[in-house]
Each structure stands twice: as C-alpha cells, then as structure tokens.
Amino acid sequence: MKKINTLCLLFMLLLCGTQLSAQDHKVLEKDLTGYLFTYFGGGENGEAIRFAISLDGYNYFALNDNEPVFDSKQISSAGGLRDPHILRAEDGKTFYMVATDMMASKGWDSNRAMVLLKSTDLVNWSSNIVNIQQKYRGQEDLKRVWAPQTIYDKEADKYMIYWSMKHGDGPDIIYYAYANKDFTDLETEPKQLFFPKDGKPCIDGDIIHYQDSLYYMFYKTEGHGDGIKLATTTSLTSGQWNEKEGYKQQTRESVEGSSVFKLNNSDTYILMYDVYRKKEFHFTKSDDLENFTTIDQEISMDFKPRHGSIVSVTNEELRRLIDKWGKPAGLPDINKNPIITGYYADPEIIYSQRDKKYYLYPTSDGFLEWSGHYFKTFSSENLVNWKDEGIILDLAKDVPWAREKAWAPCIIEKEEDGAYKYYYYYTGAGKIGVAVSDEPTGPFVDSGAPLVDWKPEGINRGAEIDPDIFHDPVSGKDYLYWGNGYVAVVELNDDMVSMKKETLQTFSLPHFREAVEVFYRNGIYYFLYSENDTRSEDYRVRYAMSKSPTGPMEIPEDNLILVKDVEKGIYGTGHNSVLQIPKTDEWHIVYHRFSRPNGIDMGRAAGYHREVCIDRLQFNADGTIKKVVPTL
C-alpha cells in the first residue's frame, strides 16, 4: 500500500508539473492564430527579405506592398539576402532569422557569408554578418555558403545553425555550428551534419522536431534529381540518419528550398517548396511527414515568393506586424479574443484615473486543480494591446495564511489629496484577503490576516470566495460582496481593510452559483453573477437589478445574458467584471471562457484552462441588459 501511495503521489506531482510548465510557457498553441511567411523575391531588387501573413495557413497576404522589410545593402556584405529562415526561440518571445548573404548576379560560387538576425517583436531586428571563410581556418577553397537554418538542439541546450557549403571540386555538404548566446555569431567550428550514403551533393536542409521524438530533415539532392528527400535521426549530431526512399515533392519539376511547418491546433503539416524553373511555389500536406498530397488548389498568395519559411504567430504579433507595415487588402479581420495570451480566468478590469490606462487583474490559470499561487496584472491604453506587468502578489512568498489557490481578485483605486492607493481583494486558500499598494502594478502588501475566513450567521453552505468591491456613487460608501452558494455584502470602513460587521447582510439570487459583480448606471444597481460550475460548458451569466446596493432585487423576465455559442466553439462563458469607458455610456463585459479550440475536449481540466475575453455590454431603453454576443 505504501508503494502504491508513493506512485500515486509521484503521478500527481508529474501532472502538476505538466500544468505548471504549461502555464509558465510564454506561448501556448491555443494562442497561435496566424502565420508569418518570410521569403525573398525575384527580379530587380528581389534578393531582399519580405513578409506576408495568413490567418489560416492557406491564404497569404504580402505586407508592405510586397516591398522588402530590410535594406539588404545595409545588413549584408554581398548586397542581397536570400533563403530566409525564421524560428521562434524556446522562451516564446524571441525570434531568430538567418539568411544567405548573396547576390546571384555575382555568381553561384560568389558568397562566403550568412546573416544572423534577432528580434523580440518581429518589427525591430538586429543583424550580424558571419563570414565563414574569414572566421575559420582552412576555408581557402570555400566556394559557397547556402540556405542557413536554425533549430534548438535539446541535447546541447543551444541553437544550432546548419547550412550547406561547397569546397573546391567537392560536393555540397550540410554542416552545422552552434550560435552564441546572443545569436550574433557562431561559437563552434563547422562540422558535417549529414552523411548521405551515396556521398552526393545535398543542400537546403530543413529540420523539424516531430512529436518530441525524431528529427525529420528534408533536403534537396543538388544536381542529381533536384528533388526533396527525407532523413530522420534521434540525435542531431550523431551522424546516424535513416534515409527514406523516394522523393517527397508532388511534381516532376525541379524543386528546392523546402520548408515544413505545422498548422496551428492541428496534427497536419505543410511542406512547401520552390519550383524555381517555373517560378512557382507549391504546397503539400501530411499527417505523418512521410506521405504528402498536393493542396496547391487551396492556396492563395498575392505575391510570388522564392525560398522562404513560415512561423506561427499570435494575435498580438499579427497586430504588431500590421501596425508596422499596414493591413494588406483582402486580409480578414483578426479575432479580438482572447485579449491576453495564456491561461487566465476570473478577470477584474478597471480604468485608472491616475494613469489614464486600463488594468486587468485575472486569476492565473492552467494549474492543476486551481492550485495557482500568484496574481499578475496587464495594462492597456486601448483595450486591444496589453502589456504584461508581471506578478503583483505571490501567495507562496507574501501571504503566510494562504499559500495557494489564488483566485478571483478585485481592486479599487482610491484618491485622497492627490495621492492614490490601490486596495486588492482576493481569494486565497478558500479565504478572502486584502492587500494594498501605491501603484496599480504593485507590489501589493497583504494586511497580514484574512478579511473573511468565516461563514455569515445562518449560512451553512457554499464557500467564502469571489470578492467584489463596489463604491456607491450615491452614498459614497464602499461595499464588499462575496460568496459561492450565497451572496454576502458588508460596508467597509474608511481604511478599506476592515469592515462594519454590523452591516453584514446575505441574500440569494435565482440560479446563483458565484462571482457577483455590482455596478451602477442611471439610477439602477446591477448585480451580474454566474450560474453552474466553472467546469461546465454551460457556465454562464445572469443578472438582477435594484434601487439599492443591498437589495431588494428585481429579477428581469429573461435575465440570462451571456451563454455559450456552439457554432463558434465558445463554451463556459462566465465570471465577469464590467467596465464603463470614462465619460461615455459605452460599457464592456470582461469574462472568461474555456480555452479555444480544445477546452471543450479537456473534461474537468477545462475548468482550469480558461482564457479572458471582452465584448460590448448594451442596454435597452428601460435599463434591462441586452443579450451579449460572445465574439471570437
């Protein structure tokens, strides 16, 4: 029995670790919503890097009117850049790009260098030239350096750059070296990466780590077939490659410059290649990286690319690219939700009168069984572009009475004589606490003890969670609400960290589960709340109305205002806050839903793999709330 319990504990810890790493990873696959295509062009001024974007991996639109995004003459030694390859780094926020430093007009044996580029936003890039012949000894007979690419080598914990080189009368051989930490240079000697059995020339290597097991390398047989072949290995530097039979291109024409990428939230891979003699670019697809079918009839591009590569990007990254180089004609609108990447839930939103910014305060989600221990905040000037301001309160470090289960925060900004204070109420380990800061971005200092760790008199059900803070503009009083299974409300003292317990009241609402949210508009107090369990696809929002912040309540005839939309794949829409745009009657509802597109298939885990969304909240002439239309 002891052995079984130990194994169970280890299994649970492994699951917990998996959830932790998922939450800590900078970019989740669910947040990859588009694609960036980097390529070079043909004709005059063709040997320069260009960008195009796609929302589905099939239809591509050139950025910057298909003009170069870099001046090749400024960042290369030859005056031209070809064969760009782009990779998202393991940290999720850095991008590496490498390209051939070459002008074909100077001859196919004219180049000796490559260019290394680095960016953290896809817009601003640093670059460095690496001349192989000048950097390394014994390269006197080097003729060409072609088509570099980058891959993260897990065994070495370094970024490997691999490319083909030809020396003298010898064949083109694919070599590798490791980049330095800053990705500005190579730090190791070039070594042969691939050893084809026939010893014949190989160029344009393109490697992908398939299902965290084998490395698949697609490469061109230069001068003997001019097609795409495949070899696999378990270790990049082992020299042991399993060469597959046959060619992978689905055409009889000569091809080069293959590049493979995975479609977002799918098990399908796209292999594309340059049909250079016909000046065409072909696409194929596969579910196993060995058997491919042509999909050219499904592809559209408003440009003619040469040898390039594709990387998946987020909504935020797509917007950044568009802000820099303009929205291409014909590109569909980008989904606005979720508004932040990652797993987050229970969102609270405010507008800071001091900073003239919006601040979002969610639960950090993605932890096994809701076991997260820290809170973060995000800032925005326009409700579209959000900045991660980092951790503002960590229960494991800062709160002795609650080490985990950091849930459902709320906050209020208070100004007195030009000085501002921020009071942050939150759930910790099933109790409600309060922390204070001079800044909306923290750090917040806990009061030292829970504010609510007891049940109100007469309540024998539910839980003490989900606080909501409300300033009554009519009376000037501040009220704290909370509860799961019941609603409690109490007036706070002027210090905002203690309560007038004699004012405590409890009440019920039809179909109430949790997450009451109170706001005031045109003489009416609104009470929005969630029905059902957060693990349910039918988690949803209802509301009540009142002439007082403490009731009695009026329940509209149809008070269900936010529900799932099966056709859009939207489920579990609940636990909201409400925002009024300053000096307007424009209102928004901020809520969480199951993570798309796979949350609905997660079972119980969908309840702690959620994402934050925003939509318009609108009213009828009589003050009742219109149905909210959840958007993608």
Filtering the stretch 276-291 down to residues that are more than 30 Å from Ala104 (Cα to Cα) and open to solvent by 50 Å² or more (accessible area, probe 1.4 Å) yields Lys285, Asp287, Asp288, Glu290, Asn291
Among the residues of the stretch 284-326, write down those that are assigned to a strand (DSSP E or B), in contact (Cβ under 8 Å) with a residue 40 or more places away in the chain and not basic (Lys, Arg). Thr293, Thr294, Ser300, Met301, His307, Gly308, Ser309, Ile310, Val311, Ser312, Val313, Thr314
Restricting attention to the stretch 522-544, report how many residues are surrounded by fewer than 17 Cβ atoms within 10 Å (Cβ to Cβ) and assigned to a strand (DSSP E or B). 1
Go through the stretch 392-421 and count every residue that is closer than 26 Å to Glu316 by Cβ and free of Cβ contacts under 8 Å to residues at least 40 places away in the same chain. 1
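How many residues are among the aromatic types (Phe, Trp, Tyr) and touching a Ser or Thr at 6+ places or on another chain (Cβ under 8 Å) when one looks only at the stretch 184-199?
0
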Which numbered condition in (1) more than 23 Å from Asp274 (Cα to Cα); (2) of a type in the set (S, T, N, Q); (3) open to solvent by 10 Å² or more (accessible area, probe 1.4 Å) is the only one that Thr294 fails? (1)
All positions within the stretch 412-447 that are in a loop (DSSP other than H, G, I, E, B) and within 35 Å of the chain's Cα centre (by Cα): Ala429, Gly430, Asp438, Glu439, Pro440, Thr441, Gly442, Pro443, Phe444, Ser447
Just checking, how many residues over the stretch 396-420 are open to solvent by less than 70 Å² (accessible area, probe 1.4 Å), out of contact with any Leu (no Cβ under 7 Å at 6 or more places or on another chain) and within 28 Å of Asn337 (Cβ to Cβ)? 7
Which residues, counting only those in the stretch 459-510, are of a type in the set (Asp, Glu), touching a residue at least 60 places away in the same chain (Cβ under 8 Å) and surrounded by fewer than 22 Cβ atoms within 10 Å (Cβ to Cβ)? Asp472, Asp478
Could you list, in sequence order, all residues of the stretch 577-626 that are in contact with a Ser or Thr (Cβ under 9 Å, 6 or more places away or on another chain) and aromatic (Phe, Trp, Tyr)? Tyr591, Phe594, Tyr608
If you go through the stretch 547-568 one residue at a time, do you hit one that is more than 15 Å from Ile625 (Cβ to Cβ), of a type in the set (S, T, N, Q), in contact with a strand residue (DSSP E or B) (Cβ under 8 Å, 6 or more places away or on another chain) and open to solvent by less than 40 Å² (accessible area, probe 1.4 Å)? yes
Kindly check whether there is at least one residue in the stretch 561-574 that is of a type in the set (Ser, Thr, Tyr), free of Cβ contacts under 8 Å to residues at least 60 places away in the same chain, under 19 Å from Ile339 (Cβ atoms) and not in a helix (DSSP H, G or I). yes
Strands (runs of 3 or more DSSP E) wholly inside the stretch 174-273 containing at least 2 residues that are among the small types (Gly, Ala, Ser) and within 29 Å of the chain's Cα centre (by Cα): 256-262
Test each condition in (1) more than 20 Å from the chain's Cα centre (by Cα); (2) more than 21 Å from Glu464 (Cα to Cα) for Asp398 and report the one that comes out false. (2)
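Checking the condition of a type in the set (Val, Ile, Thr) and over 28 Å from Asp355 (Cα atoms), which residue from Val487, Val436, Val445 passes?
Val487 is the lone residue from the list that is of a type in the set (Val, Ile, Thr) and over 28 Å from Asp355 (Cα atoms).
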Strands (runs of 3 or more DSSP E) within the stretch 75-144 that include 2 or more residues surrounded by fewer than 23 Cβ atoms within 10 Å (Cβ to Cβ) and more than 36 Å from the chain's Cα centre (by Cα): none
Within the stretch 397-411, which residues are part of a strand (DSSP E or B) and not hydrophobic (A, V, I, L, M, F, W, C)? Pro409
Tell me, yes or no, whether the stretch 372-382 has at least one residue that is aromatic (Phe, Trp, Tyr), more than 14 Å from Tyr425 (Cα to Cα), open to solvent by 20 Å² or more (accessible area, probe 1.4 Å) and under 21 Å from the mean Cα position of the chain (by Cα). no
Hey, among the residues in the stretch 60-74 that are open to solvent by less than 30 Å² (accessible area, probe 1.4 Å) and in contact with an Asp or Glu (Cβ under 8 Å, 6 or more places away or on another chain), which one's farthest from Asp274 (Cα to Cα)? Ser72
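The values are calculated or read from the model by the stated rules, or taken from the named source; none is laboratory data. Note that this is a predicted model, so its numbers are computed, not measured. Note that we place each Cβ from the backbone using ideal geometry, even for glycine, and neighbour counts take in every protein chain shown. Keep in mind that these areas ignore ligands, DNA and RNA; they rest on the heavy atoms of the full protein, side chains included. Shrake-Rupley method; radii C 1.70, N 1.55, O 1.52, S 1.80 Å.
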